[in-house]
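Got a structure for you, written out below as structure tokens; questions coming shortly.
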Amino acid sequence: MRSACPGVSAEARGKQLNSSVLAWARRVGLGTGTVEEERLAAMRLGEFAARVVPEAGAAEAELTAQWAAFVCLVDDRLDRGGLGSRPEEVRALFGGLLGVLTANRAVVSSGEVETALTDLWRRTAPCMSSRWRERFITDYREFAQATYQEATGRRDRVGLPLDDYILLRRRTITVFPMADIVECTAGAPWPDHLGCDLAVRALRQAAADVAGWTNDLVSADGDLQAGQESLVAVVGREHGCSPSAAHERVTTMRDDRLRDFYTIAAVLAAGEGVPPAAREPLRSYVGALGSFLAATLHWLGVTGRFETRWLSGSHGGPASSVVL
């Protein structure tokens, strides 16, 4: 494991990373105005990254924060600008982004989000195996397909049943692609042992559910103002209960799912049935994913991303539903 910057406190490191992610966003064109830059600053993604990869070097921590900024700003533009209700435009957006990931040569970017992804992919993909690259592209493609499905539902005003919403939310929360990035920046790749793949996938699914459901708990009021779905709204509709009762039900669901995560993590970390050579890589992977989830839960509680001042529609679209 690479060591963090010596002599720098975690708080100071987070603030340094906050500044560096803003500078990077300006450099690649993601910060397109004062309000958007202010919102990015309020997200405190440098502090988030410092918690995700506490032992990583400066370059790896910066890369983590930059990927998080890219994910957040793409999602915010989908929602705030109303793009998330126009399926064909969503398809076009992600067609360009997937083109960046799958190109075997340098591509000419057609916008700032493609420029940002080109920069991130150039600095990430060569560090990882072909298996990792294929998995990341698959995870991002599934996120894109889920976002298109969500956009179609928003346009047609279709309310999903609870089980269907949970499966869709697991893919729209962007945890799988970000978990892939953490493998790289934490130096903890998915263990190369097929015998533990099913359990690792179950662990990742639990992490995605916990993050998605917590996000929906935090953003439920904003989602309601925007006329957009959240797990709280879906549970309320499914059970015919008040928003406060639905919030309590979702909190209980989230807490139960978090226990699932820790149960699976403990089994994997014990390494039973895993060859000795794979045990330490497996423990490292589980530890990195645990740090990522813990950092995500902390960040969802303290980020300024959910402040009501960002629900004004000042960017020409509806108030946003916010996803990680």
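Of the accessible area of region 134-204, with the probe set at 1.4 angstrom, what percent is carbon plus sulfur?
On the way: 1570 of 2990 Å².
Its accessible area is 53 percent carbon and sulfur atoms.
Among Arg201, Arg305, Arg13, which one shows the biggest mean-square fluctuation in a GNM of the chain, springs joining Cα atoms closer than 10 Å?
Maximum among the listed residues: Arg201.
What value, in deg cm²/dmol to 500, does the helix sum -39500 (n - 2.57) over DSSP H runs of n ≥ 4 give at 222 nm once divided by the residues of the chain? Before the final figure, lay out the partial values.
Working: 13 runs with 232 residues, N = 324.
Roughly -24000 deg cm²/dmol at 222 nm, from the helical runs in the chain.
If you count only protein heavy atoms with a 1.4 Å probe, what accessible area per residue comes out for the chain, rounded to a whole Å²?
Accessible area per residue: 44 Å².
Now a separate question. If you take the square roots of the eigenvalues of the alpha-carbon gyration tensor of region 249-307 and sort them as a ≥ b ≥ c, do you get rounded (a/c under 1.5), prolate (a/b over b/c) or oblate? Display every interim value, and only then the final one.
Working: a/c = 6.14, a/b = 1.90, b/c = 3.24.
Oblate, since a/c reaches 1.5 and b/c is not below a/b.
Given the options Pro189, Pro126, Pro87, state which has the largest fluctuation in a GNM of the chain using a 10 Å cut-off (strictly under) for Cα springs.
For the chain, modelled as a Gaussian network with Cα springs under 10 Å, the answer is Pro126.
With an 8 Å Cα cut-off and a minimum separation of 6 or more residues, compute the relative contact order for the chain in percent.
Values: 428 pairs, mean separation 80.5, N = 324.
Relative contact order for the chain comes out at 25 percent.
Using a Gaussian network model of the chain whose springs link C-alpha atoms within less than 10 Å, name the residue from Glu89, Glu272, Glu134 with the highest mean-square fluctuation.
Glu272
Give me the accessible area of Met253, 1.4 Å probe, in Å² rounded to the nearest 10.
Here the accessible area works out near 50 Å².
Assuming a ≥ b ≥ c are the square roots of the Cα gyration tensor eigenvalues, decide whether the chain counts as rounded (a/c under 1.5), prolate (otherwise, with a/b larger than b/c) or oblate.
Here the chain falls in the rounded category.
Can you tell me the length gained on complete extension of the stretch Asp255 to Glu11, counting 0.36 nm per residue apart and subtracting the Cα distance? Please list the in-between numbers first.
Numbers: separation 244, 0.36 × 244 = 87.84 nm, distance 2.80 nm.
Here the answer is 85.0 nm.
Just grab the label-to-label distance for Met128 and Arg26, each label 7 Å out from Cα along the Cβ direction, in nm (one decimal).
3.0
Does region 97-230 come out rounded, prolate or oblate by the C-alpha gyration tensor, with a ≥ b ≥ c the root eigenvalues, rounded set by a/c under 1.5 and, if not, prolate when a/b is larger than b/c and oblate if not? Mind dumping the intermediate values first?
On the way: a/c = 2.19, a/b = 1.33, b/c = 1.65.
Taking the square roots of the gyration eigenvalues as a ≥ b ≥ c, region 97-230 is oblate.
Mean Kyte-Doolittle of at least 0.0 plus a Cα span of 20 Å or more along the axis: flag which DSSP H helices in the chain meet both, please. If you can, show how the numbers build up before the last one.
Values: long enough: 10-28 (27 Å, -0.40); 58-80 (32 Å, 0.19); 87-102 (22 Å, 0.82); 130-156 (39 Å, -1.59); 197-226 (41 Å, 0.07); 243-270 (40 Å, -0.18); 276-302 (40 Å, 0.54).
Sorted by number, the helices that extend far enough and score high enough are 58-80, 87-102, 197-226, 276-302.
The values are calculated or read from the model by the stated rules, or taken from the named source; none is laboratory data. Computed from a predicted structure; not experimentally measured. Backbone-built Cβ (ideal geometry, glycine too); neighbour counts: all protein chains shown. Heavy atoms of the whole protein, side chains included, go into the accessibility calculation; ligands, DNA and RNA do not. Shrake-Rupley method; radii C 1.70, N 1.55, O 1.52, S 1.80 Å.
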